[in-house]
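Below you'll find the structure, written out as structure tokens, and then a few comments.
The values are calculated or read from the model by the stated rules, or taken from the named source; none is laboratory data. Predicted, not measured: the structure shown is a model, and the values here were computed from it. Cβ atoms come from the backbone with ideal geometry, glycine included; neighbour counts cover every protein chain shown. Side chains included, ligands, DNA and RNA excluded: accessible areas come from the protein's heavy atoms. Shrake-Rupley method; radii C 1.70, N 1.55, O 1.52, S 1.80 Å.
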Amino acid sequence: MPDFDAVFKAYDIRGTVPDQLDADMCRAIGAAFAQFANAPRILIARDMRPSGVELSSAFADGARGQGVDVVDLGMASTDVIYYASGRLDAPGAMFTASHNPAQYNGIKLCLAGAKPVGEDTGLHEIKAMAQTGSPVADHEGKLTSDDVLEAFAAHVRSFVDTGVLTPLKVVADTANGMGGLVVPIVFEPLPFDLEVMYGELDGTFPNHPADPIQPENLRDLIARVQATGADVGLAFDGDADRVFLVDDKGVPLSGSTTTAIVAKATLTKQPGSTILYNCICSKAVPEVIRENGGTPIRTRVGHSFIKAVMAETGAAFGGEHSAHYYFRDNYRADSGSIAALVVLEQLCLAGVPLSEFRKPYERYADSGEINTRVDDTNAVIERVAAAYKEADQDRLDGLTVDFGDWWFNLRPSNTEPLLRLNLEARTAAEVARHVAEVQAVMQG
């Protein structure tokens, strides 16, 4: 029997192919999603993984068996299908395992208008329907294809004033992922000198994993930026919905720094806006938002939560420390390409190197995310909470403990018996001291 529990995660469907995720399972999921979405047509797209052709085709067969038309967008980045879902007002299914290794694949689902589907917004119901099976409709839906890449690229460029852009040298490491297809189309009419590293679409990732949050996967980009004297380096993940930036000296920016830069840019164009940031972002982010006349709202980690808060509050922009950047005018969906262009526009306006431009946004030292395997995540969190009961605490997402001049968040992984610690303080020495202290409490 297929194990649906193994592949249905908090935000998407993901597993190894074919032992966990295969064509039969995708056919059942396609039928279930067609029932759940209750729309006349569904959009599908896939990344460059070799298994995506068979899996997306099976999903399409399942959906068409429910009498629903399927529009195949071909190979695309995840932000392309979110854009298409918004523009065409249709549900979407993106076949990707994002930054996971080559043996994985998965499905990111959204409803019409790029509305997220997560464990609290439909994934449980879809899983139950897929397990039960669906009777076939009395007619089969049509299969057509469409190409929205040029329209998407124009949409991305609409977020900046192209008239202020100047000839910066930009190196983009697309890690053999979908950025290799999409980024050159976005940049083509712009005055930037773009060099793409590892632009060949290859789901076996022959050069390095498409996971730019890991410092070792930025090494080649850093070396190339330094060797060519580039102004900026861009590192995209496998499905190109996330981007990390590297400055002219080869020093990476955190997702928090990029969030703060894009937040300020957004507030310049949309004064007084509400801006979202997740609970592991630097305290510099809400400070920058307030200093520029915006209203900061802190959220849980994860796209389905952020998109929901964005819909409730009308926030113009939201950022995560993990380099997901959400834009209200992008159907509240995240896009690495939009975030990259907004930062490049700000650099052109400022006329200073990114290594200088970043400084006002970086005010504290941080630990990065430290993962610790524990037997009982809840018991450890309660022990830590008790040890720091004199501090301000909240349970928005895991446990956040705030002493004012230093703070930390400790939250469980969705998928493994891990606790994730993020800690920020005024100096690196203070970070090291407090990390050791919190870890000692965790160990009991």
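Taking only the C-alpha atoms of segment 80-193, Rg followed by Dmax gives 18.3, 58 Å. Across the chain, Cα pairs under 8 Å and at least six residues apart give a relative contact order of 12 percent. Distances between placed amide hydrogens fall under 5 Å for Leu143 paired with Val70, all partners being 5 or more residues away or on another chain. Per residue, the accessible area of the chain comes to 39 Å² when a 1.4 Å probe rolls over the protein heavy atoms. Using the Cβ-Cβ distance between Lys169 and Val53 with R0 set to 51 Å, the FRET efficiency works out to roughly 0.90. Positive end of the dipole of the chain (Cβ unit charges, origin at the Cα centre): among Leu344, Gly404, Leu149, the Cα lying farthest that way belongs to Gly404.
Taking only the Cα atoms of the chain, the radius of gyration and Dmax are 21.7, 68 Å. Residues whose amide H falls under 5 Å from that of Glu195, counting only those 5 or more places apart or on a different chain, are Val170, Val171, Ala172, with hydrogens built in the peptide plane. Using only alpha carbon pairs under 8 Å that are at least six residues apart, calculate the relative contact order of segment 1-64 and give it in whole percent. This gives 38 percent for segment 1-64.
If you place +1 on the Cβ of every Lys and Arg and -1 on the Cβ of every Asp and Glu, how big does the dipole about the Cα centre of the chain come out, in debye to the nearest 20? Roughly 800 debye for the chain. Looking at segment 350-416, the pairs of alpha carbons with a distance over 13 Å make up 72% of the total. Mean residue ellipticity at 222 nm, helices only, the chain: -11000 deg cm²/dmol; runs of at least 4 DSSP H residues each add -39,500 (n - 2.57), and the sum is divided by the number of residues.
Heavy-atom accessible area with a 1.4 Å probe sorts Lys269, Lys389, largest first, into Lys389, Lys269.
Sequentially through segment 100-106, phi angles give Karplus couplings (6.51, -1.76, 1.60; θ = phi - 60°) of 5, x, 4, 6, 8, 8, x Hz, Gly and Pro residues having no value and appearing as x.
For Lys359, a cut-off of 27 angstrom between C-alpha atoms picks up these lysines, skipping any fewer than 8 places away in its own chain: Lys169, Lys249, Lys264, Lys269, Lys283. The charge dipole of segment 210-291, taken about its Cα centre with unit charges on the Cβ atoms of Lys, Arg (+1), Asp and Glu (-1) only, comes to about 320 debye. Pairs of Cα atoms nearer than 8 Å and 6+ residues apart set the relative contact order; for segment 369-444 it is 32 percent. When Arg420, Arg332 are compared by accessible area of protein heavy atoms, the largest-first order is Arg332, Arg420, using a 1.4 Å probe.
Report the residue, chosen from Leu194, Leu218, Leu349, that carries the largest GNM mean-square fluctuation when the chain is represented by alpha-carbon nodes joined by springs under 10 Å. Greatest mean-square fluctuation among the candidates belongs to Leu349. Take the chain and mark each of the GluC sites (Glu not before Pro) that is in a DSSP loop with at most 16 other Cβ atoms within 10 Å; the longest unmarked stretch, sites excluded, is 201-361. In segment 86-193, the portion of solvent-accessible area held by carbon and sulfur atoms comes to 51 percent [1.4 Å probe, whole percent, DNA, RNA and ligands not counted].
With no solvent and one point per C-alpha, what does the Debye sum give as log10 I(q)/I(0) for segment 216-303 at q = 0.15, 0.18, 0.25 Å⁻¹? The computed values of log10 I(q)/I(0) come out as -0.65, -0.85, -1.13.
Using only the C-alpha atoms, the convex hull of segment 4-58 corresponds to 92 Å³ per residue.
For the chain, with a Gaussian network of springs between Cα atoms less than 10 Å apart, report the residue from Met25, Met178, Met75 with the top mean-square fluctuation. Result: Met25 has the largest fluctuation of those listed. Nearest 0.05, what FRET efficiency do Glu437 and Arg219 give at R0 = 45 Å with Cβ-Cβ as r? Working from the Cβ atoms, E equals 0.90.
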